[in-house]
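What follows is a set of notes on a single structure, which appears directly below.
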Protein chains: 2
Amino acid sequence: MAWNTAETRRRLRAAATAEFAAHGPHGTTMDRIARRAGINKERLYSYFGGKDALFATVLGEELAAVAATVPLASLGEQDIGEFAGAVFDHHAANPTLVRLLHWEGLAYSGPVPDESARTGFYLAKVEAFEAARRRGALAGSPDAAHLVFLVLSLAAWWFAVPQVARMLTGADADDPGELAHRRAAVVEAARRLAGPHE
Amino acid sequence: MAWNTAETRRRLRAAATAEFAAHGPHGTTMDRIARRAGINKERLYSYFGGKDALFATVLGEELAAVAATVPLASLGEQDIGEFAGAVFDHHAANPTLVRLLHWEGLAYSGPVPDESARTGFYLAKVEAFEAARRRGALAGSPDAAHLVFLVLSLAAWWFAVPQVARMLTGADADDPGELAHRRAAVVEAARRLAGPHE
DNA sequence: CCCATCTCCAACTGATCCGTTGGAATTAGG
DNA sequence: CCTAATTCCAACGGATCAGTTGGAGATGGG
């Protein structure tokens with residue numbers, strides 16, 4: 001069998017992503033990642049460094065993925081509600097990112113890896129909101145940065161505390177009808193939250 | 001020194017609460033809890049059972065605490081915005097509960113301990129929202145359960161992903177001005193989200 | 001004062017975890 | 001084909017974890 005280092009790395013990354021999203025930094029073991037990938041553990045260390053470096057790598061790739069699949073254009077042309085809906089859809093189809101972000105927020109304190117690059121990523125969204133405001137599509141009161149954050153919270157919260165969502169709504173996210181119901185609530189809430197009033 | 005089992009239990013509970021909130025179920029060790037409390041580890045097992053049972057005990061007590069300090073009356077008389085503000089204030093002053101709820105949502109899948117009692121706790125809030133709607137204080141579209149959830153998300157998200165909040169707003173929650181700014185955004189957002197329109 | 005009972009703890013067990021090492025298998029260049 | 005470099009892996013070391021045990025110290029009723 002010929003060497004295929006790219007494939008080895010890919011399988012290790014995929015296994016690490018799944019394990020970290022499911023169990024978090026503390027709950028994940030390097031042994032389990034290696035076993036899941038069918039690769040020896042030593043490869044993890046030689047390719048990705050230690051556990052924390054591997055977690056940072058995985059999170060960075062997921063952030064790049066969401067940036068690619070929910071482009072800012074979805075804000076330029078459509079309204080805020082549909083932007084929130086697109087974020088909701090991405091989370092529903094791919095709950096990995098939300099879980100990784102939460103694990104990071106809970107497990108690590110202080111500055112996070114690659115914070116400057118990620119800050120730029122968010123600031124681009126803020127800039128898009130500002131532009132929408134100049135077009136008169138947004139109210140003036142919560143400033144753009146706080147508004148972006150609140151809209152993202154509407155879309156993400158469901159996947160962060162699914163047990164609370166289940167207790168409140170009496171249904172689970174596995175139910176397609178309930179999922180659509182939640183999405184509609186998010187879209188409408190984002191419109192009300194951002195839309196110009198009085 | 002006379003035996004004081006109540007005090008021993010209280011100190012163990014307090015230490016467990018702090019450790020679980022800081023590090024989560026996986027990141028917390030029974031040794032650290034015992035050492036922090038200055039009590040032998042064996043007392044933890046004889047008083048509270050294993051690690052998971054201890055986590056469930058701690059979370060249950062924090063839920064009871066928030067139910068006592070943010071009563072439903074804050075919804076009956078004031079508006080939704082001030083209710084959201086009160087929840088925000090509770091989280092800011094006592095970030096323990098949000099963190100515990102998140103650890104639970106991430107680390108445990110399937111039904112959570114004491115789910116029926118907690119469901120009742122949330123349904124009471126839904127009922128209060130329904131009453132507000134009958135008074136004409138709420139719009140009709142997102143039904144009460146989903147509305148409660150969204151309002152809670154506005155107040156809680158800041159404390160769940162502080163690293164994202166920092167990157168977006170450029171300030172930290174330690175800054176009192178920024179905290180007030182965030183609170184104001186939450187209050188206004190909740191009003192817009194729930195208030196009757198057109 | 002005595003003794004059954006409860007509280008407490010130091011030390012242990014067995015398992016697991018992170019990270020490393022020494023060497024075998026494979027590749028590519030000459 | 002030969003050799004140096006690279007990829008891979010089984011096995012290990014030291015640390016730490018959850019949970020247990022045997023016994024020392026404190027208590028209270030008779």
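Every number here is computed from the coordinates shown, using simple stated rules; none is lab data. In this text, all values refer to a predicted model and were calculated from it rather than measured experimentally. No Cβ is skipped: glycine too gets one built from the backbone with ideal geometry, and neighbour counts run over all protein chains shown.
Here are the numbers:
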| read-out | value |
| --- | --- |
| Estimated FRET transfer efficiency (residue A:184, residue B:94; beta-carbon r; R0 41 Å; 0.05) | 0.80 |
| For the protein assembly as shown, size of Cβ-based charge dipole, Lys and Arg +1, Asp and Glu -1, in debye | 1000 debye |
| Under 20 Å from residue B:51, Cα to Cα: lysines that are on another chain or at least 8 residues apart | B:41 |
| Rg(Cα) / (2.2 N^0.38 Å) computed for the stretch A:71-194, rounded to two decimals | 1.10 |
| Net charge dipole size for chain B [Lys, Arg +1 and Asp, Glu -1 on Cβ; Debye, nearest 20] | 540 debye |
| For residue A:65, label point 7 Å along C-beta direction: distances to other copies, nm | 3.7 |
| Loop-located trypsin sites (Lys or Arg not before Pro) in the stretch A:77-138, at most 14 other Cβ atoms within 10 Å (DSSP) | A:135 |
| For the stretch B:4-113: relative contact order, % (alpha-carbon pairs under 8 angstrom, 6 or more apart) | 29 percent |
| Reachable aspartates and glutamates from residue A:125, criterion Cα separation under 15 angstrom, eight or more residues apart if same chain | A:77, A:79, A:82, A:143 |
| Contact order normalised by residue count of chain A, Cα under 8 Å, 6+ apart, percent | 23 percent |
| Dipole of the protein assembly as shown, positive end: most advanced residue of A:113, A:100, B:23 [Cβ charges, Cα centre] | B:23 |
| Point-to-point label distance, residue A:143-residue A:123, nm (Cα→Cβ direction, 7 Å offset) | 1.4 nm |
| Sorted by Cβ density within 10 Å, fewest first, the residues A:179, B:138, A:147 | A:179, B:138, A:147 |
| Cα gyration tensor, the stretch A:1-140 - rounded (a/c under 1.5), prolate or oblate | prolate |
| Extension gain, residue B:174 back to residue B:4 (0.36 nm per residue minus Cα-Cα distance, nm) | 57.4 nm |
| Copy-to-copy label separations for residue B:29, where each label sits 7 Å from Cα toward Cβ, in nm and ascending | 1.6 |
| Gyration tensor (alpha-carbon) shape descriptor, the protein assembly as shown, a/c threshold 1.5 | oblate |
| Separation in nanometres of the label points that stand 7 Å from Cα toward Cβ, at residue A:116 and residue A:64 | 1.9 nm |
| Label distances, nm, residue B:172 versus same residue in remaining copies, Cβ-directed 7 Å point | 4.0 |
| Chain B, closest residue to the rotation axis toward A, by beta-carbon, whole angstrom | B:26, 2 |
